[in-house]
Amino acid sequence: MARNIFKGLGIALVTPFTPSGEVDYESLKRLLHYQIDNGADFLCILATTGETPTLTADEKENIKNLVIEINNGRLPILMGCGGNNTAAVVEELKTADFKGIDGILSVCPYYNKPSQEGLYQHFKAIAAATKLPVVLYNVPGRTGINLKAETTVRLARDCKNIVAIKEACGSLEQVDEIIKNKPRDFDVLSGDDALTYPMVACGAVGAISVIGNALPKIFSRMIRLEQQGEFESARKIHHKFTDLFSLLFVDGNPAGVKAVLHEMGYIENVLRLPLVPTRLTTLQRISELLKELKI
C-alpha cells in the first residue's frame, strides 16, 4: 500500500481575487509564503475552499504552477480532482499534467446521489487511473451523499493507492468506525475545523483546514500538541477558537475565512458568484473577535 504523506496541518487554500474579480496572484504568493513559514505541513489546492468551480482552465493551471513554484518542494501538494462524471475524472487523471503534484483529493460524486456500490466503483476507477496517492473526500453537506464507513474501509483495503480520507461527515461515530476497522497504513484527516480536536483524539492524523489559511501557526500547534499527548494544552487552543469556527461557516465557505484574511490585510474580501462575502453583521463580529484574540 502507498504511504500517506499528508499529515498534520493541510491548508485548504483560498483563491484571492482582485476588486475587479480577477485572480490575485500577488496576494496568493504572499499567502503561500505566510502559510509555509508558519507551520503548514502540506497544501491542498484547487478544491472547495479555492472556489474551483468558478475558475477557468487557464486560471487553474496558473494557480497550480504558481503554488509549485513558490512551494519549491518544501511541502507536499495535494490537488483536487473529482466530479460526478466518473469517465471525465478518469480522462483528466490520464491526460492532465500532474508534475509537481504529490497526491489527488477526490470528492464524492455530487447531485446524482449514487449508491454505496456506485461510490465504490467510482473511486476504484479513479484509483486505477493514476499512480498518485488518492485521498477520498466525504462531505455529505455539499454532495448530498454519505460515503459510509464500510465503503471507505473497503476502498482502503482494495485500492493500494487510496491512502486517506478527508472526512467531513460531522459524525464522530462514523470517524471512529473508520479508524477502528481501517488498514494500518490508511489514515483519516479532519475536514471540519471545529471537529479537528476530537477527531485527532480519536486517531485522525491531521486536518485539511480552512482556518489554517489565516492561523496556520496556532492551528498546527494544536494538532502537534495532541499528537504528542498534550491534550489539555491542545484543548485550550481548540476552545479559544470555538466562536471563530462558527463564524467562518455561518455565511458559507470560504466567505468567512476570506473575511478573516481581509481583516488581517492579506487579501481583498472578494468572492465569485454564486458566492458572496459575509454579511456586515458577521464581518463586524469577526473583526471584534480577532481583536479579542489579539490577531
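The values are calculated or read from the model by the stated rules, or taken from the named source; none is laboratory data. Since the structure is predicted, the reported quantities are computational estimates derived from the model, not experimental observations. Don't worry about glycine lacking a Cβ; one is built from the backbone with ideal geometry, like all the others, and counts go over all protein chains shown. What goes into the accessible areas is simple: the full protein's heavy atoms, side chains included, and nothing from ligands, DNA or RNA. Shrake-Rupley method; radii C 1.70, N 1.55, O 1.52, S 1.80 Å.
Expressed to the nearest 5 percent, the antiparallel share of DSSP beta bridges inside the chain is 5 percent. Distance between the C-alpha centres of the range 128-142 and the range 186-218: 17 Å, rounded to the whole angstrom. Site pair Ile295 and Lys148 shows an inter-label distance of 3.8 nm when each label is modelled 7 Å from Cα along Cα→Cβ.
Note on Gln228/Lys29: beta-carbon distance plugged into 1/(1 + (r/R0)^6) with R0 of 41 Å gives a FRET efficiency of 0.80.
Above 37 Å, the calculated P(r) of the chain contains 8 percent of its Cα-Cα pairs.
Electrostatic bookkeeping for Thr278 treats Lys and Arg as +1 and Asp and Glu as -1; over the other residues with beta carbon under 11 Å from its beta carbon, the sum is +1.
In the range 35-137, the alpha-carbon atoms span a convex hull of 105 Å³ per residue. For the range 177-263, the Stokes-Einstein estimate of translational diffusion at 20 °C and a viscosity of 1.002 mPa s comes to 159 µm²/s, using the Kirkwood hydrodynamic radius over alpha-carbon pairs. For the chain, the 222 nm mean residue ellipticity estimated from helices alone, with every DSSP H stretch of n ≥ 4 adding -39500 (n - 2.57) and the total spread over all residues, rounds to -13500 deg cm²/dmol. Taking Cβ atoms as reference points and 15 Å as the exclusive limit, the residues near Phe98 contribute a net charge of 0, counting Lys and Arg as +1 and Asp and Glu as -1.
Neighbours of Gly8, meaning other residues whose beta-carbon lies under 10 angstrom from its beta-carbon, give a summed charge of +1 when Lys and Arg score +1 and Asp and Glu score -1. For the range 228-267, the calculated P(r) over all alpha carbon pairs, in 10 Å bins from 0 to the bin holding the longest distance, is 28, 37, 27, 8 percent. Looking at the range 83-160, the accessible area is 47 square angstrom per residue; that uses a 1.4 Å probe and ignores ligands, DNA and RNA.
Measuring gaps between exposed loop sites in the chain (trypsin sites (Lys or Arg not before Pro); DSSP loop; at most 15 other Cβ atoms within 10 Å), the longest gap, sites not included, is 185-271.
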